[in-house]
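The values are calculated or read from the model by the stated rules, or taken from the named source; none is laboratory data. Keep in mind that what you see is a predicted model, and the values were worked out from it rather than measured. Please note: Cβ atoms are built from the backbone with ideal geometry, for glycine as well, and neighbour counts cover all protein chains shown. With ligands, DNA and RNA removed, areas are computed over all heavy atoms of the protein, side chains included. Shrake-Rupley method; radii C 1.70, N 1.55, O 1.52, S 1.80 Å.
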Amino acid sequence: MAGARNVKTRACNHTVFWLLACRAEWGVGDVMLWRSIALLVTAVLLSGCVTERAGFDYAAVSQKIGAPKAGQSRIVVIQEKTSSLGATVCDIMLDGSPVGKLRLGTYVYADRPAGRHQLLATEVMFPGESKRDFTTEPGRTYFFLARPSERHNAVTGMTFAGGLAGMLVASAVTSGGDNPGPVDLLALDEATARTAITGLQLAE
């Protein structure tokens, strides 16, 4: 069952990318009509990817697993429910180990020994990765919000406007930015995080 969901997810991601990248190659005469179709189809596909998950809300998971064990800290990364076209589908890694695939309206978490850590986020076919270095203390939970980066928005916008050529131009122009990756990993205080995570589901 999990394998089938993963196949569907990969197919969805690749379909969305090629819809964006191949606009210029298909030669659709009415540009405005094509853009409307592309926006609609992409939104539907991304929404479909989200509905494939079968997770649990954070309150239920926290109650089940309890607080971090002695000497451990908990790291939680969330992506808010927002416009599908402004969302990312990122693979999240912590200290080089996979944590999960973060989609619209989901969260991932991991418990690790207190100390120095690094979060890394990548997206299929996106030309860059996002990193965040931080230090944790025992018994505490640390929340991070994955929000689409300026580069992600620029590349996505140029891909809609110019197809594959637009994507390549935007990737080159934005390559020197402070964050070359698809998301900004923003630290949240616990009160803000508890509100933001309400209603989100555990990612696969």
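The packing ranking of peptides 72-80, 193-201, highest mean first, is 72-80, 193-201, where packing means the average number of other beta carbon atoms within 10 angstrom of each residue. Near Thr195, within a Cβ-to-Cβ distance under 15 Å, what is the net charge of the other residues, with Lys and Arg +1 and Asp and Glu -1? Once all neighbours under 15 Å are counted, the net charge is -2. Amide H to amide H distances under 5 Å link Val183 with Ser130, Ser149, where only residues 5 or more positions off or on other chains count and H is placed in the peptide plane. Taking all protein chains together and rolling a 1.4 Å probe, Phe56 ends up with roughly 120 Å² accessible.
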